[in-house]
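Each reported figure results from applying straightforward, stated rules to the coordinates on display, with no laboratory input. Quantities reported herein were computed from a predicted structural model and do not represent experimental measurements. Using ideal geometry, Cβ is built from the backbone for each residue, glycine included, and neighbour counts are taken over all protein chains shown.
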Amino acid sequence: MLVTVLALAAFLCVGSIVAALTANPRMASGVGTVLTFVLWFFAGMWVPRTLFPELLGRIADLTPSGAASAAMLQAMHGSWPALAQVCVLLVWIIVPAVLAARAFRWE
């Protein structure tokens, strides 16, 4: 449950930064679509993360989808998620939220 809430919050904050930094809704939709596919890749949607080269695996661990995927797999196997994965999700909640709040402009 904890990992699910953290993952949802992290993705919401990533979406908020996209909305804050793009010029119009059409551009936000395009950027969001590309970002979705990139995040799906790092979560292991098309290629299992166990087959990633070491460098790509480390990069995936630093993305919100990669950290959420690994933490959910650990939870499914009956253990608590690693502290590093929870910290990565917390960073992906705090940093984009602060940046989005500073960059957002009403038009």
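Using just the helices of the chain, give the 222 nm mean residue ellipticity in deg cm²/dmol: DSSP H runs with n ≥ 4 each add -39,500 (n - 2.57), and the total is spread over all residues, rounded to 500. Please report the intermediate quantities before stating the final value.
Numbers: 5 runs with 81 residues, N = 107.
Helix contribution divided over all residues of the chain: -25000 deg cm²/dmol.
Quick check on the range 1-75: take the gyration tensor over C-alpha atoms, sort the square-rooted eigenvalues as a ≥ b ≥ c, and tell me if it's rounded (a/c under 1.5), prolate or oblate. Oblate. Its Cα centre serving as origin, the range 4-107 has a Cβ charge dipole (Lys and Arg +1, Asp and Glu -1) of approximately 160 debye.
Each of Ala19, Leu51, Ala75 was placed along the dipole of the chain (beta-carbon charges, centred on the mean Cα), and the one lying farthest toward the positive end is Ala19.
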